[in-house]
Every structure is written in structure tokens, then in C-alpha cells.
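Presented below is the structure to which this report refers.
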Amino acid sequence: QVQLMESGGGSVQAGGSLRLSCVASGSIFSIKAMGWYRQAPGKQRELVAIITSDESTNYADSVKGRFTISRDNAKNMVYLQMNSLKPEDTAVYYCNTLLLVGTTVFPSDSWGQGTQVTVSS
């Protein structure tokens, strides 16, 4: 089972940037699709970005054009570059491995502790 650890969160003002990092254990990282999720207080966890094993990417409409997901298979790392941050981006951010079946995305049951992102207006 892959273990995940997120880092890089913090507090920024609206319009600022942050880069989140996620390190994954396990030698099968390079064949896994990866994703970044976020969960704001009182809301359900939502998927914001996906990167496949061949580095195709997809984004939620709410972050498209502002966030960029990338990966470094040699380091078992996945990143989320977040620019032009808005107060509504405030949430705990998690990475996870994904199973993609058609248009359906299934995260693994193994979640890290997440990293808090707080954007003030």
C-alpha cells in the first residue's frame, strides 16, 4: 500500500502562490495516476487536479488556469503549483493515488495527513 505525505501549505494573501509537495512510498509510483484533493470546513472533499502516468493532466473548473499539477517519478513526488490564490481555495489539501475507470476516478483508501492552505482577502 502506498503511503503519502503532503507538505508546503501555509497562509497567504489573495493573489499569492504556494507550491504543495507530496511524497509517495512504493516502487509502483510511476505507473499510478495521482491526484490532489481539497476539503474545506463543512464541505465534501473535492478532486482538483489529476496527472496520469503519461503526464496527461486535468483540472477542476474552479482551479483551471491557476493551478498546475506535475510529477517527478524519479523522486516519487507529485506537486501542485497554486497561483492567483483566492479565499475560496482555503482548505486542507491531500494527494492520493488514483484508479481511473473511464471517466470515473477512484482514490485509494490511504490518505495522508494533508496540508493546510489558508488564503486571506
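The values are calculated or read from the model by the stated rules, or taken from the named source; none is laboratory data. Computed from a predicted model, the values in this text were never measured in an experiment. Virtual Cβ from ideal backbone geometry, glycine too; neighbours counted across all protein chains shown. Each accessible area value is taken on the protein alone, full model and side chains, heavy atoms only, with ligands, DNA and RNA left out. Shrake-Rupley method; radii C 1.70, N 1.55, O 1.52, S 1.80 Å.
Explain nothing, just the number: dipole magnitude of the chain about its Cα centre with +1 on each Lys and Arg Cβ and -1 on each Asp and Glu Cβ, in debye rounded to the nearest 20. Numbers along the way, then the final one.
Values: 10 positive and 9 negative charges, 29 e Å.
I would put it at about 140 debye.
Projected onto its three principal axes, the C-alpha set of segment 61-121 covers 37, 27, 21 Å, listed from the longest axis down.
Each of S70 and S56 was given a label point 7 Å from its Cα along the Cα-to-Cβ line. The distance between the two points is 2.1 nm. Checking every one of the trypsin sites (Lys or Arg not before Pro) in segment 1-72 against DSSP loop status and a limit of 13 other Cβ atoms within 10 Å picks out K43, K64. Surface analysis of the chain yields an accessible area of 53 Å² per residue, using protein heavy atoms and a 1.4 Å probe.
Kirkwood radius and radius of gyration were both taken over the C-alpha atoms of segment 10-121, and their ratio Rg/Rh is 0.95. Electrostatic bookkeeping for A49 treats Lys and Arg as +1 and Asp and Glu as -1; over the other residues with beta carbon under 15 Å from its beta carbon, the sum is +2.
Within the same chain, lysines fewer than 8 places from K75 are excluded, and of the rest, those with a Cα less than 28 Å from its Cα are K32, K64. Taking all protein chains as present, what is the carbon and sulfur share of the accessible area of the chain, in % to the nearest whole number, probe 1.4 Å? Exposed carbon and sulfur together represent 48 percent of the surface.
Could you tell me the relative contact order of the chain? Use alpha-carbon pairs under 8 Å, at least six residues apart, and round to a whole percent. Each step should come with its number before you reach the end.
On the way: 290 pairs, mean separation 42.9, N = 121.
Normalised by residue count, the contact order of the chain is 35 percent.
Where a ≥ b ≥ c are the square roots of the eigenvalues of the C-alpha gyration tensor, would you call segment 5-58 rounded, which needs a/c under 1.5, or, failing that, prolate if a/b is larger than b/c, or oblate? Note, shape of segment 5-58 comes out prolate.
Write out the GluC sites (Glu not before Pro) in segment 31-121 meeting two conditions: DSSP loop, and at most 16 other Cβ atoms within 10 Å of their Cβ. Each step should come with its number before you reach the end.
On the way: sites: E46, E55, E88; in loops: E55.
Loop-located and lightly packed - E55.
What length, rounded to one decimal in nm, is gained on full extension from K86 through to F106, with 0.36 nm per residue of separation minus their alpha-carbon distance?
Working: separation 20, 0.36 × 20 = 7.20 nm, distance 2.74 nm.
Stretched out fully, the K86 to F106 stretch lengthens by 4.5 nm.
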